[in-house]
Amino acid sequence: QVQLVESGGGLVQPGGSLRLSCAASGVSFSSLSMGWYRQAPGKQRELVADITSSGDTNYADSVKGRFSMSRDNAKNTVYLQMNSLKPEDTAVYYCKGSWWRFDYWGQGAQVTVSS
């Protein structure tokens with residue numbers, strides 16, 4: 001059974017930093033492409049960043065230069081380092097793992113940026 005579990009969300013002031021983690025189990029993690037998505041209230045879920053199995057990354061324009069995604073295959077974990085956070089970054093953040101025609105989602109982690 002494949003499980004993705006996010007952690008590291010919380011409340012942070014504008015300009016602050018958070019690091020999200022997503023730990024995978026029940027799957028060959030190194031074969032997965034991984035992505036971070038977010039969904040704000042009343043908005044559609046959107047891609048924030050993704051990373052291929054070989055480590056190539058891609059970022060949404062809104063987070064380029066502020067967010068950094070990485071993976072540690074030895075720990076079956078991906079990370080999203082979020083710096084210079086803005087109120088508009090407030091959302092539930094989800095990680096997704098993809099392999100062939102299968103997608104797996106985590107349960108989500110709330111990130112709130114507010115003073």
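The values are calculated or read from the model by the stated rules, or taken from the named source; none is laboratory data. The model shown is predicted, which means the values in this text are computed figures rather than measured ones. Note: ideal-geometry Cβ built from the backbone for every residue, glycine included; neighbour counts use all protein chains shown. Accessible surface areas use protein heavy atoms only, side chains included; no ligands, DNA or RNA. Shrake-Rupley method; radii C 1.70, N 1.55, O 1.52, S 1.80 Å.
Per residue, the average separation of C-alpha pairs within less than 8 Å and at least 6 apart gives the chain a relative contact order of 36 percent.
Using only C-alpha atoms and all pairs of different ones, pull out the Kirkwood radius for the chain in Å with one decimal. Mean inverse Cα-Cα distance, inverted, gives 14.0 Å. Take every Cα pair under 8 Å whose residues are at least 6 apart in sequence, average their separation, divide by the length of the stretch 59-115, and the relative contact order is 26 percent.
Tell me, what % of the accessible area of the chain is carbon and sulfur with a 1.4 angstrom probe? Summing carbon and sulfur atoms, their accessible area is 45 percent of the total for the chain. Gain on full extension, evaluated as 0.36 nm per residue between Gln107 and Lys64 minus their Cα-Cα distance, stands at 13.0 nm.
Simple point charges give the picture: +1 on the Cβ of Lys and Arg, -1 on the Cβ of Asp and Glu, and for the stretch 10-115 a dipole about the Cα centre of about 100 debye. Say a site is exposed when it is one of the trypsin sites (Lys or Arg not before Pro), sits in a DSSP loop, and has at most 16 other Cβ atoms within 10 Å; what is then the longest site-free stretch of the chain? Longest stretch, sites excluded: 1-42.
Accessible area per residue for the stretch 37-115 is 57 Å², calculated with a 1.4 Å probe on protein heavy atoms, without ligands, DNA or RNA. Across the alpha-carbon atoms of the stretch 35-82, the computed radius of gyration and Dmax are 11.5, 37 angstrom.
Bridging of Lys75 to lysines at a Cα separation below 30 Å is possible for Lys64, Lys86, Lys96, once same-chain residues fewer than 8 apart are set aside. Taken over the Cα atoms of the stretch 1-58, the convex hull encloses 119 Å³ per residue.
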